[in-house]
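A.B. asks: Before I ask anything, let me first share the structure, which is written out below as structure tokens.
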Amino acid sequence: MALGPSRVLVGLDELSPLRKQIPFAAMFVAAALMALVLPTVPISNAASLIAGLAAVAVALVLAVIFGRPGLLRFAIIVPVLDFVAAGLLRHGTGESHSIFAAILLLPLLWFAARAGRRYVIYAVLGSILSVSVPFILGAQRENNPNELARGIFNATVFAISAAVVNELAARARLHLGTAREEAAAAAEELSRAAQIQKFLLPKKAAILPGYETAGACIPSKAVGGDFFDWYAIDGGLGFTLGDVMGKGAGAGMIAATTRAVIRSARNSDDPVKALALTSDCLATELSQAAAFATLFHARLRASDGRVLFSDAGHGLSLLIRGNGTWERLASHELPVGLMPEATWTSREIWLAPGDMIVSFSDGVLDLYDGTLAAIAEVAELALHADCAQGIVDAVHTMASGNSNPDDVTVLAVRRSELNTAVARNPGLGDGRVLSSVSES
């Protein structure tokens, strides 16, 4: 991804002019204080020292002004003033004997780090300007016989230093640009993966007269390892909630694979078949990924509310009764993919009108205290919900806008009061669709 000319400069140039200027100003003030306090540091020209302080103050103000995006190109004036201030400092604190000549490196680095070989020349010219300031202000060569030779030697050293810094900065800029392009490409791929994962979730509630379905999935990252699913089967509905170990793109890929394998067993009346196929896939084809998942998988017979389900180490599903009671559908069996020889059993429950199954991931527990005690809190939410979408909306509201440590997923299937009439006359039923919710 190419960076436009209006973007902030890359690499070392991303530092604002003020942040670059503060070290020079601090060192200049420290040098002035040392000249005032230490008897071994002479003040050879107080006027030059004061003028240098004034130049630094002006440079600080300009650094603030030129830090604005529209004025950033004028920031080069700031190190030019620093070169002048460095020359004034030398003239004011002993001229050729000044101990503060090293301060010249700071504006030199400012120039040399910019993109373009021409800034090496500018840095050298600035160094020559700084060395020449004492002579411009009247210093006599007779009083400083070695100053010319010193200046030529220093200018040569500064030129070499500026060239090295410019080359290193150019390489760093190139590497940083490449890294940003790679990061942008990775972010785009993650965004696309998140969109695909969102597309795999049910787009709308199942059209099953007398029943309501709703779900929500909020990944903690761009891509998550949780999923929920439902689909029509002969005479009813199959539905699943899964939680793959881990987070991110890897867990998302395994979740998509798990969903596909479970759907491949849609023609089997026994939900254990789907778990066995999934476990075989994770333990063989994906064995090197060391992947496993907890699953709640069920098959609903619409005519009488019979639900046959299997739970692979999930244990976070509730049966909410229309009479205001609830029970946990606990699990004592292993997750799929954990051990190849693991087996599962099917269990049977019946949904009376007003009853609801709510299954959720452990990320929902983290919305409370993260312990199993929070299951009772989720049950209370479900008891106060008058429809499947109500409990899903309640969990979605709690999770939205927060930095959740884990994926938050919830699935609800409810037998509505209308179901009694449907049982007597299958032609009745409004086919109401309650939308599912998903977040990428």
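The values are calculated or read from the model by the stated rules, or taken from the named source; none is laboratory data. No experiment lies behind these values; they were computed from the predicted model shown. Protein only, heavy atoms only, side chains kept; ligands, DNA and RNA dropped before computing areas. Shrake-Rupley method; radii C 1.70, N 1.55, O 1.52, S 1.80 Å.
A.B. asks: Once Cα Rg over 2.2 N^0.38 Å is worked out from the coordinates, which option in (1) 1.00; (2) 1.62; (3) 1.10 does it equal?
C.D. replies: For Cα Rg over 2.2 N^0.38 Å, the calculated option is (2).
A.B. asks: Cα gyration tensor of the range 20-78, axes a ≥ b ≥ c as square roots of the eigenvalues: rounded (a/c below 1.5), prolate (a/b > b/c) or oblate?
C.D. replies: Note, shape of the range 20-78 comes out prolate.
A.B. asks: Let me ask another. ³J(HN,Hα) across the range 275-284 via Karplus (A = 6.51, B = -1.76, C = 1.60, θ = phi - 60°), whole Hz, x for Gly/Pro?
C.D. replies: 5, 5, 4, 5, 4, 5, 5, 5, 7, 10
A.B. asks: Take Met27, Met34, Met253 and sort them by solvent-accessible surface of the protein heavy atoms, 1.4 Å probe, largest at the top.
C.D. replies: Largest to smallest exposure gives the sequence Met253, Met27, Met34.
A.B. asks: Another question about this same structure. For the full complex of protein chains and a 1.4 angstrom probe, list Ile103, Ile50 by accessible area with the highest value first.
C.D. replies: These residues rank, largest area first, as Ile50, Ile103.
A.B. asks: Something else about it: Could you tell me the accessible area of Tyr119 in Å² (1.4 Å probe, neighbours in place), rounded to the nearest ten?
C.D. replies: Rounded to the nearest 10, the figure is 20 Å².
A.B. asks: Let me ask something else. Which angle from 0 to 90°, rounded to the nearest 10, does the C-alpha axis of helix 77-92 make with the longest principal axis of the chain?
C.D. replies: Computed tilt is about 40 degrees.
A.B. asks: Give the lysines reachable from Lys204 as a straight Cα distance under 30 Å; neighbours fewer than 8 places away on the same chain don't count.
C.D. replies: Once the sequence-local lysines are set aside, what remains near Lys204 is Lys221, Lys247, Lys273.
A.B. asks: Another question, then. Between the range 151-166 and the range 262-333, how far is it from one alpha carbon centroid to the other, in angstrom?
C.D. replies: 72 Å
A.B. asks: Here's another thing I want to ask about it. With runs of 4+ DSSP H residues as the only contributors, calculate the mean residue ellipticity of the chain at 222 nm using -39,500 (n - 2.57) per run, divided by the residue total and rounded to the nearest 500.
C.D. replies: Computed mean residue ellipticity for the chain: -15000 deg cm²/dmol.
A.B. asks: Compute the helix-to-body angle for 374-383: its Cα long axis versus the longest principal axis of the chain, expressed 0 to 90° and rounded to tens.
C.D. replies: The answer is roughly 60 degrees.
A.B. asks: Keeping all protein chains in position, work out how much accessible area Ser403 exposes to a 1.4 Å probe, and write it in Å² to the nearest 10.
C.D. replies: Spelled out: Ser403, probe radius 1.4 Å, area about 120 Å².
A.B. asks: If you line up the long axis of helix 17-37 against the longest principal axis of the chain, both from Cα atoms, how many degrees apart are they, to the nearest 10?
C.D. replies: 40 degrees
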